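Colleague: Would you mind keeping the following structure in view while I ask a few things?
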Amino acid sequence: MSAEKIPYLPFLVDRWETDGNVKAMGPATRYCYVSLLFHQWREGSIPENPEDLKRLLAFPSDPGVNGSLDLDSCLSQVIERFPKVGHGKRANQLLSLLRRAALTQKSVLSASGKRGRLKQITGHPTGQAQATPPATPNKSKFKSNLNSNEEHKEQTKAPAARVAFELPAWIPAEPWGSYLEMRIRIRKPATRRAMELTVIDLEKLTGKDPKLAESILNQSTQKSWQGVFPLNGGSNGTNRGSVPTKEAVEKWKREHGWID
């Protein structure tokens, strides 16, 4: 069975450029690493068998370049980043987390889009047309509906053209991915603007401290909180209850324009 495809990979550029192990890789090893990441994003994993990996990475020589690529040497430098996951496969753990979150969000948005389209056609989100008496055609109303449909199409196209959100290097990617996955699970998927506001909140709470940011994100994920708040009993705030104070929640709602 072919793996479900996702339109884009959220490549963490800052993390890539500042990673000491990546900096130590030569061009050929980087090619191997990126190719394996891309393959996992498309298929969900990479082969465990070394010969299958070599066939996957085989490529023609560039014009004017002599010699062949030492795949054994390149793979030895990157394979540890793809632990075995069973069934003859390997997978990068962080990429698996990001991929799972993207698939979940794709599923939620797809279901929401279908309901919206059914409601637009039938007047009911489940597709069951409501019984209405026949009406005399109204040309002006029909023209207005056409214009409305065209505007709706343009509005639904707009988000696809936006630039992918880029996570700041000081925010750990794995707890961030878990937090976004939790938001999808509680049916409050984070929009691009919501992610930008969360980053601003984290910067205020942590002063760009990666360890503190990780703890705060883990706290929200564990307790299924939509926002991020000072650690309970932590050094960055005085809130020591099991949930955020009412004042903290109300302030968060005002700042994020969130309505019950």
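Colleague: What does the highest-first list of 48-56, 209-217 look like by mean Cβ count within 10 Å?
Modeller: On the way: 48-56: 14.4, 209-217: 17.8.
Descending mean neighbour count gives 209-217, 48-56.
Colleague: Sort the following peptides by mean Cβ neighbour count (other Cβ atoms within 10 Å, averaged over residues), highest first: 172-184, 95-107.
Modeller: Details: 172-184: 20.8, 95-107: 18.4.
The most tightly packed comes first, giving 172-184, 95-107.
Colleague: Using the structure shown, select from 23/208; 106/188; 54/84 the pairs with a Cα to Cα distance greater than 20 angstrom.
Modeller: 23/208
Colleague: Under a plain spin-label model, where a point goes 7 Å from the Cα along Cα-to-Cβ, how far apart in nm are residue 187 and residue 215?
Modeller: 3.4
Values in this text are rule-based calculations from the coordinates and carry no lab data. Quantities reported herein were computed from a predicted structural model and do not represent experimental measurements. Backbone-built Cβ (ideal geometry, glycine too); neighbour counts: all protein chains shown.
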